[in-house]
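Worksheet: one structure, shown below.
The values are calculated or read from the model by the stated rules, or taken from the named source; none is laboratory data. Nothing here was measured: the structure is a model prediction, and the numbers come from that model. So basically every Cβ, Gly included, is an ideal-geometry build from the backbone, and we count neighbours across all protein chains shown. All accessible areas refer to the heavy atoms of the entire protein, side chains included, with ligands and DNA or RNA removed. Shrake-Rupley method; radii C 1.70, N 1.55, O 1.52, S 1.80 Å.
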Amino acid sequence: MFGDYDDPVQNFYRRTVYIHTPSYGKIFARIAGHRYDEQQKCILLVHGSGPENSSMYWNDLVRRLLLATSSSSSLSPYYFVAIDCPGYCHSDGDKQTIRSYPGAFIQEIVDCISPTTHQVYCLVGSSQGAAAVFNALVEKPMMSSFLAVQDPVSHDPQRFVCIKQPALLMYDIDDAGHPVSVGRLVRKYIPTNHYYEFASSKQPKWLEQNAHLKLLQLFNDYNATNTSSLQLKASSKISLPSLPACMSVAGGIVSYLSSYDREPFYGYSAKELESILSAYENQSVENNDLFVEKIEPEPVEDEESRVQRLAAESVQTECDLCSQHINSNEMSKSLRLPDCRHLLCYSCCCATIKLNSYECPVVGCSYGTSSSFLTAIIISFTLLIG
């Protein structure tokens, strides 16, 4: 965790990761809790589509759920993964993905999180993220056991009759953008539900104070399996679980609590971050360092080495791929790759270099070749052949 720290609240174990999906690139996520196997209950949270939305939106809900379900002697039975949807904040991709391909995208995230069961315990969504969760369960009903939404976009709610999961539905009657009239239809079409209406004009903190409790109540009412916490010995050090193969560490608690780009800096996260940095002797952490993979700088070739390399290359007459001799007439048509400096005869170039294959063809070579360079090669070969 470059430039970052572990969560001082060991039971919470908050940090950030990259989820490397097969089809949608690298997806950033804030995760919390301990998951030693897939029997532990994973809650996947999907934010809305506003320009400032990101996984950070869920920090307060996750904190309240962890406080309610863990203690100094026990870990929470829940494990939380809040993603930055494609194109938002730290994640690769196109913002339209979560609207156009909610089922396929969320299923890939679930597959990465739970590579054995291909399921999560609960899908949670807000606004457009709620619409994505609804649509994902319509398309792929086996991916989750529970559903929870707040202020959801709920187009064509009659489609939701196929959703059999117990659902938590929370609507603000003052929110014209997410009309409660549609919510009442959703309640009709998803009969197994806990349904709540509130007026933000009178109860501005209703979601903040109640969402976590209503979610736990839903689990308690419909869950047939054991939800007991993992008990800890008073003096035991908590062992840290490993990540699935398609997930890599992005940062620690500072990364988890910090705002980036246009993320709103939620009040409690700001206070907790200030306290943590103060506890670590007021060490400062650069935000940009937390969200990028550290890449070692390329070595710089000194002049003496360069002269020696050029001298050796000038007398080379053997192709590094086929080991055949290159005579003086054919040398002008041969190619030396710019990074690895392998020499390829004209025949090997014609046989192996393709526009969409950026790797050096010499076995064991780990260097790549830029697409613009390969384009120039192909143009040159076309002229030679023509």
Q: Enumerate the calculated ³J(HN,Hα) couplings along region 145-160 in order (Karplus 6.51 cos²θ - 1.76 cosθ + 1.60, θ = phi - 60°), each rounded to whole Hz, writing x wherever the residue is Gly or Pro.
A: 8, 9, 9, 9, 9, 10, 6, x, 6, 9, 5, 6, x, 4, 5, 7
Q: Run the 1.4 Å probe and let me know the accessible area of M142, rounded to the nearest 10 Å².
A: 140 Å²
Q.
As a test question: what accessible area, to the nearest 10 Å², does C89 have when a 1.4 Å probe is rolled over all protein chains in place?
A. 40 Å²
(Q) Can you give me the long-range amide H partners of V46? Hydrogens built in the peptide plane at 1.01 Å from N, cutoff under 5 Å, separation of 5 or more residues or another chain. (A) V124, G125, S126
(Q) Could you give each residue of region 187-195 its phi-based ³J(HN,Hα) in whole Hz, using Karplus coefficients 6.51, -1.76, 1.60 with θ = phi - 60°, and x for Gly or Pro? (A) 4, 5, 7, 10, x, 8, 8, 10, 10
**Q.** Amide H within-cut-off set for H194, under 5 Å, with H built and near neighbours excluded
**A.** A167, L168, L169
Q | Packing rank of 24-31, 214-221, 201-208, where each peptide gets the mean count of other beta carbons within 10 Å, highest leading | A | 24-31, 214-221, 201-208
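Counting Lys and Arg as +1 and Asp and Glu as -1, what is the net charge of the other residues whose Cβ lies under 15 Å from the Cβ of V180? Display every interim value, and only then the final one.
Values: positive: R184, R187, K188, K202; negative: D151, D172, D174, D175, E197.
Around V180, the charge tally is -1.
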Q.
With an 8 Å Cα cut-off and a minimum separation of 6 or more residues, compute the relative contact order for region 92-194 in percent.
A. 22 percent
**Q.** Ranking by accessible area, most exposed first, for T116, T21 with a 1.4 Å probe
**A.** T116, T21
Q | Solvent-accessible ranking of R187, R341, largest area first, probe 1.4 Å | A | R187, R341
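As a test of reading the structure, rank D302, D151 by solvent-accessible area (1.4 Å probe, protein chains only), most first.
Ranked list, largest accessible area first: D302, D151.
With only Lys, Arg, Asp and Glu charged, each at its Cβ (+1 for the first two, -1 for the last two), find how big the charge dipole of region 1-91 is about the Cα centre; round to the nearest 20 debye. Show your work: numbers first, answer last.
Details: 8 positive and 8 negative charges, 24 e Å.
So the dipole magnitude of region 1-91 works out to roughly 120 debye.
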Q: Give the long-range amide H neighbours of F28: residues separated by 5 or more places, or on another chain, with amide H under 5 Å away, using H modelled in the peptide plane at 1.01 Å from N.
A: I19, D84, S91, D92
Q. Which whole-number percent gives the relative contact order of region 35-89, counting Cα pairs below 8 Å spaced six or more residues apart?
A. 51 percent
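With a 1.4 Å probe and all protein chains left in place, how much accessible area per residue does region 88-209 have, in Å²?
Values: 5170 Å² over 122 residues.
Counting only protein heavy atoms, the per-residue value for region 88-209 is 42 Å².
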Q) Within a Cβ distance under 13 Å of A167, other residues only, what is the Lys/Arg minus Asp/Glu net charge? A) +3
Q | HN-Hα J in Hz across region 37-46 - Karplus 6.51, -1.76, 1.60, θ = phi - 60°, x for Gly and Pro | A | 7, 7, 6, 6, 7, 9, 10, 9, 10, 10
Q) Which residues does a label at N223 reach in region 1-44, if reach means a backbone N under 11 Å from a point 7 Å past the Cα toward the Cβ? A) 40-43
Q. To the nearest 10 square angstrom, how much accessible area does C122 have with a 1.4 angstrom probe?
A. 0 Å²
Q. Label 7 Å along Cα→Cβ of L213; region 54-81 residues with amide nitrogen under 11 Å?
A. none
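Compute the length gained on full extension between R99 and E301: take 0.36 nm times their separation in residues and subtract their Cα-Cα distance, giving the result in nm to one decimal.
Result: 67.9 nm gained on full extension.
Could you work out what % of the accessible surface of region 46-121 is carbon and sulfur, using a 1.4 angstrom probe and leaving DNA, RNA and ligands out of the count?
Values: 1140 of 2460 Å².
C and S fraction of accessible area: 46 percent.
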